[in-house]
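Below you'll find the structure, written out as structure tokens, and then a few comments.
The values are calculated or read from the model by the stated rules, or taken from the named source; none is laboratory data. This is a predicted model, so every value here is computed, not measured. Cβ placement follows ideal geometry from the backbone for every residue including glycine, while neighbour counts extend to all protein chains displayed.
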Amino acid sequence: MNVLAIGAHGDDLESFCGGTLALCAQRGDAVTMCVVTDGRGRPKGDPDYIAAIRHKEAAASAALIGAELAWLAMPDGAVVADKNTCRPFVELIRRVKPELIITHPPEDYHPDHTAVSRLVIESVQLARTANFAAELPPHRGAVAVYFMESERGIGFLPEEYVDISAVFQVKLQMLRCHRSQFMPPTEPYDPSFVMPTDNQHPFMRYAYAMSSFRGFQADVAYAETFRAWRSAGRVLTKRVLP
Ligand SMILES: [Zn+2]
């Protein structure tokens, strides 16, 4: 099946659904990882230079599981949920023809996350609609849309659990591809930066804590969780998550 995961920032998908995407790839799905923003905000440095680094990091992470990277390069911190901004999402959905889409929940903490969530919900419908003018023809197949965890799981009540124990190390490797995000955000980018050990950095502590907590809830070592977006055309009779 075709799987499309859409995250606002490089490293969002790895944090919230990296293990699930690795499992999708293992079972033979064609996985596309879409990063919406260009990431030029962090760490410090020439914005174009930083954006190029973030792109390379995201590509390396996607390559680890054989996923395709879709890089929309919208301005970091300024994603706006309006009809004009839907267009690249509609084109992406029409090109990938997903049966499963994973994105941020609408109640997440960051305005880019909430905007992306809104854009995906609207674009799934527009991608079906013949009178929304885009280059590619409509994608009329049923698409299940799942929201991944909110940041730190706050306010997020899971409905579906995915056991990621077998691929937890892959999820960590994917996260480690985002080297620039392990650097102090207020300091200039340093190519010779030495990566901290896992328990020294909030990213990795987050991955261990959330995956262990959700795993504990489901009686497995590590898990990621999801909530379905239920509406017409978005409900399937089969389980599409791994
Ligand atoms: Zn983010």
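What about residue 66, is it of a type outside the set (Phe, Trp, Tyr), at pLDDT 95 or above and on the phi > 0 side of the Ramachandran plot? Against the criterion (of a type outside the set (Phe, Trp, Tyr), at pLDDT 95 or above and on the phi > 0 side of the Ramachandran plot), residue 66 qualifies.
Somewhere in segment 73-92, is a residue surrounded by fewer than 17 Cβ atoms within 10 Å (Cβ to Cβ), among the aliphatic types (A, V, I, L, M) and touching a residue at least 60 places away in the same chain (Cβ under 8 Å)? Within segment 73-92, not a single residue is surrounded by fewer than 17 Cβ atoms within 10 Å (Cβ to Cβ), among the aliphatic types (A, V, I, L, M) and touching a residue at least 60 places away in the same chain (Cβ under 8 Å). Annotation: residue 141 fulfils all but one of (1) touching a His at 6+ places or on another chain (Cβ under 7 Å); (2) within 22 Å of residue 239 (Cβ to Cβ); the unmet one is (1).
State whether one or more residues within segment 136-146 are β-branched (Val, Ile, Thr) and crowded, with 19+ Cβ neighbours inside 10 Å. Steps first, please.
At the first step, the residues of segment 136-146 found to be β-branched (Val, Ile, Thr) are 143, 145.
Checking which are crowded, with 19+ Cβ neighbours inside 10 Å leaves us with 143, 145.
Yes - at least one qualifying residue is present in segment 136-146.
Quick one: in segment 102-115, of everything that is closer than 22 Å to residue 240 by Cα and of a type in the set (Val, Ile, Thr), which residue is surrounded by the most Cβ atoms within 10 Å (Cβ to Cβ)? Reasoning before the result, please.
Step one: filter segment 102-115 for residues closer than 22 Å to residue 240 by Cα, giving 102-106.
Within this subset, residues satisfying the condition of being of a type in the set (Val, Ile, Thr) are 102-103.
Numbers: 102: 27, 103: 31.
Among those that are closer than 22 Å to residue 240 by Cα and of a type in the set (Val, Ile, Thr), it is 103.
Out of curiosity, is residue 118 at pLDDT below 95, under 23 Å from residue 233 (Cβ atoms) and either basic (Lys, Arg) or surrounded by 17 or more Cβ atoms within 10 Å (Cβ to Cβ) (or both)? Criteria not met by residue 118.
Residues that are aromatic (Phe, Trp, Tyr) and either over 27 Å from residue 180 (Cβ atoms) or away from the ligand (no atom under 16 Å from the Cβ) (or both) are absent from segment 107-123 altogether. Within segment 148-161, one or more residues are buried (at least 17 other Cβ atoms within 10 Å of the Cβ), free of Cβ contacts under 8 Å to residues at least 60 places away in the same chain and within 16 Å of the ligand (Cβ to nearest atom).
Here residue 197 meets each of (1) surrounded by fewer than 20 Cβ atoms within 10 Å (Cβ to Cβ); (2) closer than 28 Å to residue 226 by Cα; (3) without any contact (Cβ under 8 Å) to a residue 60 or more places away in the chain with one exception, condition (2).
Each residue in segment 75-106 was checked for being more than 16 Å from the ligand (Cβ to nearest atom), modelled with pLDDT under 95 and among the acidic types (Asp, Glu), and 1 pass.
Being hydrophobic (A, V, I, L, M, F, W, C) and more than 16 Å from the ligand (Cβ to nearest atom) narrows it down to one of 13, 4, 72, so name that one. So that I can check it myself, show each step before the final result.
Working: 13 fails: more than 16 Å from the ligand (Cβ to nearest atom); 72 fails: more than 16 Å from the ligand (Cβ to nearest atom).
Sole residue among the options that is hydrophobic (A, V, I, L, M, F, W, C) and more than 16 Å from the ligand (Cβ to nearest atom): 4.
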